[in-house]
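Below is one structure, written out as structure tokens, with a few remarks after it.
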Amino acid sequence: MYLPPHFEEGRVEVMQALMRAHPLAALVTVGEDGIVANHIPVATLASPAPYGLLRGHVARANPLWRRHREGDPALAIFQGPQTYISPSLYPTKRATGEVVPTWDYAVVHARGSLRFVQDAAWLRALVAGLTEAHEAARTAPWHIDDAPTEYLDRMLCAIVGFEFSISALTGKWKVSQNRNPADRQGVVEGLRAAGDAQSREIADMLESRGGGTAAR
């Protein structure tokens, strides 16, 4: 990933927070069929240090777990908030006109290796944990025990779990840090006026890096 120093985010806890907030990872592996990408929701664990661990599962019908060789490198990509940035948000447009559009975004690349797991108790605990995490905000959360036992057993037999041991994390927070202070302020104000969740997230990220003083 192209990573100019002013866009680099190196704090592990910040990267892991984005990974938890945007848990649908693009899991990229290389095998006999070349480069393969699968999109999989995962749980991000803080331990073991320094980078943590990912856990998830794939369909048993997915050839990934049969073809991937344990120990081969893998890449998990987490896409955070992203939004188009119009040149009209920059005061520089009015001063010189020397501006062009861009795109602001935050991403994390996790590098590591995969280990696949077929133990029934491990899989049940994984699915229960993922479900509890994503149902927590609901008024009446669905629990794994709400499904009939025989049905649940069949569903668990149809998946294969995995652990992704993270060997390196790379974070890129491209949030207009390369613009002058007035332009950064213009971006913050414009994104807050847009009102959508992703624009607000990018504005928060820019402000947290000293890129604006707009009221939250």
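Each value in this text was obtained by applying a stated rule to the coordinates, not by laboratory testing. Model, not experiment: these values are computed from the prediction. A quick note on method: Cβ atoms are made from the backbone with ideal geometry, for glycine too, and the neighbour counts reach across all protein chains shown.
Data for the structure
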item	result
Residue-averaged 222 nm ellipticity for the chain, from DSSP H runs of 4+ at -39500 (n - 2.57), nearest 500	-9500 deg cm²/dmol
Residue order, fewest to most surrounding Cβ atoms within 10 angstrom, among His68, His134	His134, His68
3J(HN,Hα) from dihedral phi, region 195-203, Karplus parametrisation 6.51/-1.76/1.60, rounded to Hz, x for glycine, proline	x, 7, 4, 5, 4, 5, 4, 5, 4
Region 5-204, relative contact order in percent, only Cα pairs under 8 angstrom and at least six apart counted	28 percent
Efficiency of FRET from Cβ geometry, Tyr84 and Ala182, R₀ 30 Å, rounded to 0.05	0.90
Peptides ranked, highest mean first, by Cβ atoms within 10 Å: ranges 53-61, 8-16	53-61, 8-16
Length released on extending from His6 to Gln118, taking residue separation times 0.36 nm less the Cα-Cα span	36.0 nm
Reported label for calculated log10 I(q)/I(0) by the Debye sum over Cα atoms at q = 0.12, 0.13, 0.15, 0.19 Å⁻¹ given (1) -0.62, -0.72, -0.95, -1.40; (2) -0.59, -0.68, -0.85, -1.20; (3) -0.75, -0.84, -1.00, -1.29	(3)
For the chain, size of Cβ-based charge dipole, Lys and Arg +1, Asp and Glu -1, in debye	460 debye
Two-site FRET efficiency, Ala46 against Asp72, from Cβ-Cβ distance with R₀ of 35 Å, rounded to 0.05	0.90
Residue-wise HN-Hα coupling along region 59-73, computed from phi with Karplus coefficients 6.51, -1.76, 1.60 (Hz; x: Gly, Pro)	5, 4, 6, 6, x, 3, 5, 7, 8, 6, 8, 3, x, 5, x
Under 5 Å, built H, 5+ apart or other chain: amide partners of Arg60	Ile159, Val160
FRET efficiency estimate (nearest 0.05) - Cβ-Cβ, Ala59 to Glu32, R0 25 angstrom	0.80
Cα gyration tensor, region 58-162 - rounded (a/c under 1.5), prolate or oblate	oblate
